[in-house]
Amino acid sequence: MNNLIDFGKLWTLLQFDNADPLVFQSSLFLFCFILLLLVNRLTAKNKILRVSVLLLFSVFFYYKLSGSLVLLLLASALFNYSIGIGIEKGRGISKNILFYLGVAANLFLLGYFKYTNFFIEIANSTLHKSIQPVEMLIPLGISFYTFKAISYLIEVKWETMQASDRHVGRFRAGDCGRGRRHPGGSQ
């Protein structure tokens, strides 16, 4: 009776396995999602706790799909938030420098992960070289996340949003898919 839960097996289930990532059809995902719904319901009256729980579950799901690349996602979110604060507090040229630095850093990450092997292939075929492609995991959702981060920096620069209004790592469901309606404008 005291061996009801095998914590060793549970710990193994919660770790990232490149050969067995968490997929939406798995029983582990279903269990975690039901647990998330339950915890979300229990924390419904406390917005900070509810958002924290959602953020933790999101980070866990991303970790189960991408492993240590979750650290890249978190570092990127912190970087973009810091740049947003700098843009908000900056004036004149410093505001522009921070903005362009933020956009360039985001595009560099996207370019590195999505297009490195593409450019190696082009170089190999045009220069008749045999440069080996880089073996890498591409972070899940890197394009979506990059363009959301850039739009965050644009909105902070144009002063349509304060940097502290919405952290770039937190996306509402309404931000996905069709465009969201901006105040004073039509879609």
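The values are calculated or read from the model by the stated rules, or taken from the named source; none is laboratory data. No experiment lies behind these values; they were computed from the predicted model shown. No Cβ is skipped: glycine too gets one built from the backbone with ideal geometry, and neighbour counts run over all protein chains shown. All accessible areas refer to the heavy atoms of the entire protein, side chains included, with ligands and DNA or RNA removed. Shrake-Rupley method; radii C 1.70, N 1.55, O 1.52, S 1.80 Å.
What the table below lists for this structure:
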quantity: Segment 108-140, residues that are free of Cβ contacts under 8 Å to residues at least 60 places away in the same chain, part of a loop (DSSP other than H, G, I, E, B) and not hydroxyl-bearing (S, T, Y); calculated: H128, K129, I131, Q132, P133, V134, E135, M136, I138
quantity: Segment 40-50 - residue that is aliphatic (A, V, I, L, M) and under 22 Å from the mean Cα position of the chain (by Cα) and, of those, nearest to K64 (Cα to Cα); calculated: L49
quantity: Hey, F60 under 25 Å from A19 (Cα atoms) and in contact with a Cys (Cβ under 8 Å, 6 or more places away or on another chain) or not; calculated: yes
quantity: Residue match in segment 102-123 (condition: of a type in the set (S, T, N, Q) and more than 27 Å from P21 (Cα to Cα)); calculated: no
quantity: The one condition in (1) open to solvent by 80 Å² or more (accessible area, probe 1.4 Å); (2) among the small types (G, A, S); (3) touching a Pro at 6+ places or on another chain (Cβ under 9 Å) that S68 fails to fulfil; calculated: (3)
quantity: Filtered residues of segment 75-95 (kept if surrounded by fewer than 13 Cβ atoms within 10 Å (Cβ to Cβ) and either in a helix (DSSP H, G or I) or among the hydroxyl-bearing types (S, T, Y) (or both)); calculated: A75, K89, G92, I93, S94
quantity: Helices (runs of 4 or more DSSP H) lying entirely in segment 6-71 (those with 2 or more residues that are in contact (Cβ under 8 Å) with a residue 60 or more places away in the chain); calculated: 47-66
quantity: Residue match in segment 32-52 (condition: exposed (fewer than 14 other Cβ atoms within 10 Å of the Cβ), among the aromatic types (F, W, Y) and more than 21 Å from L73 (Cβ to Cβ)); calculated: no
